[in-house]
Amino acid sequence: DERKAKEVLLDIGYYRLGFYWFAFEKTYPQKRPRTHEFREGARFDHVVKLYYFDFNLRNMLMKYLNRIEINFKTFLTYHVSTLYPDSPTWFADPAIISSEYIQEFDRIVYT
């Protein structure tokens, strides 16, 4: 369905979707020379379904990865803050954190 294909390409984008149709190409897994010809039996909707599978999987995992990240940061902050109760800015205190790390952090975050 050409109309539907145009709609999908306008929604997802040609280049983003291109990463997903590589596995359906005749030359896969070789990257060169790529002919961009689909293998027999491959269909555009297979590519779209693979894209949405990846999209949904990423969203499902992100929920749990965010929880792990927040839990780790909370644990680290609580643990180190308990070790150094008199230093509320322990993350920037050269007596606790190496000055090299602080300088690198400042360079990455503030420049």
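The values are calculated or read from the model by the stated rules, or taken from the named source; none is laboratory data. Please read all numbers here as calculations on a predicted model, not as lab measurements. Cβ: placed from backbone, ideal geometry, glycine included. Neighbour counts: every protein chain shown. The accessibility values were calculated without ligands, DNA or RNA, using every heavy atom of the protein model including side chains. Shrake-Rupley method; radii C 1.70, N 1.55, O 1.52, S 1.80 Å.
Among the residues of the range 79-96, the ones that are farther than 21 Å from residue 109 by Cα and either within 19 Å of the chain's Cα centre (by Cα) or modelled with pLDDT under 90 (or both) come to 0 in all. Among residues of the range 96-110 that are without any contact (Cβ under 8 Å) to a residue 60 or more places away in the chain, those with a Cβ under 6 angstrom from a residue that is open to solvent by less than 70 Å² (accessible area, probe 1.4 Å), sequence gap 6+ or separate chain, pair up as 96/90; 102/92.
Annotation note: of 49, 31, 73, 26, the sole residue that is in contact with a Lys or Arg (Cβ under 6 Å, 6 or more places away or on another chain) and either of a type in the set (Lys, Arg) or touching a residue at least 60 places away in the same chain (Cβ under 8 Å) (or both) is 26.
Scanning the range 50-101 for residues that are closer than 30 Å to residue 17 by Cα and among the acidic types (Asp, Glu) yields 54, 69. Looking at this structure, is residue 76 surrounded by 10 or more Cβ atoms within 10 Å (Cβ to Cβ), hydrophobic (A, V, I, L, M, F, W, C) and modelled with pLDDT of 95 or more? Considered against the rule, which asks whether it is surrounded by 10 or more Cβ atoms within 10 Å (Cβ to Cβ), hydrophobic (A, V, I, L, M, F, W, C) and modelled with pLDDT of 95 or more, residue 76 comes out as no.
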